[in-house]
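Contents: one structure, followed by commentary.
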Amino acid sequence: MADLSEPLSIFMTRLAGPGTLSGLARLSGGANMESWAFDWAGAAYVLRRAPSAEYMEGRPYGHPVEAALVRAAYAGGVKAPEVVGVLADADGMGTGYVMRRVVAEVSPAKILPNPPPSLVADLGRELAHIHALPRAAIPEGIPVMDTAAALAELKARFLSYGGDRPVIALAVKWCEDHLPEPAEPVLVHGDYRMGNVMVDADGLAVVLDWELAHLGDAHEDLAFGCMTVWRFGQLDKPAFGVGSLTDYFAAYEAAGGVKVDPARFKYWLVYRTLWWALGCLQMGQAWRSGADTTVERVVVGRRTAEQELDLVRLLEEEAPEAERQQALPPSSDPAPAPTGEPTSREMVQAVRDWIESAIKPKAEGHAKFEAVVAMNALGIVMRDLDTGTRAEDRALAEALMTGETTLAEPGLLAKLRRAVLDKCAVDSPKYAALAAAAAEWRG
């Protein structure tokens, strides 16, 4: 923090005039970028940044283009943040930009139990406004997504990660077989979901995190926030965990959005669930390569299991009715624990308990968040040691991806259901869809 205070003070003096920096604190969360809240001369700001240019390698555009897009959206009447300055190399803070801070709630855990009555309509309306931004207002450098090419890239990434997860292979094949005709491209936010919007008593206040924006199919944005993972446990409310798809679609269409095509919506629901499954695997690769060695990376890397569970639930209707009625096979029996020297599991338990009792209570801000993540990581290891559950099956994955094997094969759907239940119970036992799926599949 001390390393950031001086260059940020120099930057803000140049940008906003003399003042004093206060309240500098890193905000919790943020899967990719750092966010720092601070005050300057009586006004509240947020710095969004990557600590180095190397961190941005492989991205289709950098922060200057992203900031230009956010400015264009704000100028076009979208509820985007107000960008007030963009970092340059000489500022010595990596890459990023400064925005005025909006006072509203961002945590889905706090919003979803009692959302403002207008929120689902707000989300539909605001998405239509994003999609209506004229092409001329969109800065150079924002890419156009070719769905077929993007799917081919996902498949190549899956193969580079081993190509051995059967449920991911099943989803790749399904997306190839159901590839929609190209749509008229609009500006797609790319990450439009709870957790990336701020809400106050009047409803939607601001739309955050524009780093994945591109030109593409409007239905991609429509579907993304409706993924199970982004409903944060509100499984009975398929639109963002807030309300019904009927109300969401009606608000979107009333505000000028395209007519919603249910088949195209389903395609993007499957595609983006597949995309996030591979995104989680990519987090693990980032840690393994040394590009990002935070413990958060390895924990998110194990959330692939959530998406595999959701993919089975999305695609199980492809199986014959008789297969959907099959009983679950039993889980494998765990190995008996030795009673002599402390086991690996017991040693991990001791470290986890120490973090919980000695480290977490003294930590504040992002450090407390990191302590919780570390405890989660150790919990995964303990459950893994208990069960030895694995998700890899290269032969089955290859057969599914080529179409040699389908969900019509007797017993396959039941086998996949058991596999995703057991893996998710290790990696994400509190995932709301896990209990729901287990209840459904056990009848």
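The values are calculated or read from the model by the stated rules, or taken from the named source; none is laboratory data. Treat the numbers as computed from the prediction; the structure is a model and nothing was measured. With ideal geometry, Cβ positions are generated from the backbone for all residues, glycine too; neighbour counts draw on all protein chains shown. Keep in mind that these areas ignore ligands, DNA and RNA; they rest on the heavy atoms of the full protein, side chains included. Shrake-Rupley method; radii C 1.70, N 1.55, O 1.52, S 1.80 Å.
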Original post:
When ligands, DNA and RNA are left out and all protein chains stay put, how many square angstrom of accessible area per residue does the chain have with a 1.4 Å probe?
Top reply: 46
Original post:
What is the local net charge at ASP202, summed over the other residues whose Cβ is closer than 15 Å to its Cβ (Lys, Arg +1; Asp, Glu -1)?
Top reply: -2
Original post:
Of the accessible area of segment 220-356, with the probe set at 1.4 angstrom, what percent is carbon plus sulfur?
Top reply: 55
**OP:** State whether segment 71-119 is rounded, prolate or oblate according to the following rule on the C-alpha gyration tensor (a ≥ b ≥ c being the square roots of its eigenvalues): a/c under 1.5 gives rounded; otherwise a/b larger than b/c gives prolate, and the remaining case gives oblate.
**Re:** oblate
Original post:
Based solely on its DSSP helices, what 222 nm [θ] is calculated for the chain when runs of n ≥ 4 H residues each add -39,500 (n - 2.57) and the sum is averaged over all residues, nearest 500 deg cm²/dmol?
Top reply: -14500 deg cm²/dmol
**OP:** In nm, give the distance between the simple-model label positions of GLU317 and ASP247, each being 7 Å from the Cα along the Cα-to-Cβ direction.
**Re:** 2.3
Subject >> Neighbourhood charge, 10 Å Cβ-Cβ cut-off, centred on PHE224 and excluding it, Lys, Arg +1 and Asp, Glu -1 >> reply: -1
**OP:** Go through segment 49-132 and name the GluC sites (Glu not before Pro) that are in a DSSP coil and have 12 or fewer other Cβ atoms within 10 Å of their Cβ.
**Re:** GLU57
**OP:** Starting from 0 in steps of 5 Å, tell me what percent of the Cα-Cα pairs of segment 125-194 lands in each bin.
**Re:** 3, 12, 19, 18, 17, 14, 10, 5, 1
**OP:** Just the ratio, please: alpha-carbon radius of gyration of segment 64-146 over 2.2 N^0.38 Å, N its number of residues.
**Re:** 1.33
**OP:** Can you bin segment 3-114 into rounded, prolate or oblate? Criterion: square roots of the alpha carbon gyration tensor eigenvalues sorted a ≥ b ≥ c, rounded for a/c under 1.5, prolate for a/b above b/c, oblate for the rest.
**Re:** rounded
Subject >> Cα shape, segment 320-425, gyration tensor, a/c 1.5 rule >> reply: prolate
Original post:
Looking at segment 188-289 from every direction and averaging, what is the projected area of its Cα convex hull in nm²?
Top reply: 7.5
Subject >> Equivalent-ellipsoid semi-axes of the chain, from the Cα gyration tensor, Å, largest first >> reply: 37, 29, 20
**OP:** Give, in nm to one decimal, the length gained when the segment between SER9 and THR402 is fully stretched (0.36 nm per residue of separation minus the Cα-Cα distance).
**Re:** 135.8 nm
Original post:
Counting only protein heavy atoms and using a 1.4 Å probe, what share of the accessible area of segment 1-160 belongs to carbon plus sulfur, as a whole percent?
Top reply: 55
Original post:
Can you give the longest stretch of the chain with no exposed loop site, where a site means trypsin sites (Lys or Arg not before Pro) in a DSSP loop (not H, G, I, E or B) with at most 15 other C-beta atoms within 10 Å?
Top reply: 1-258
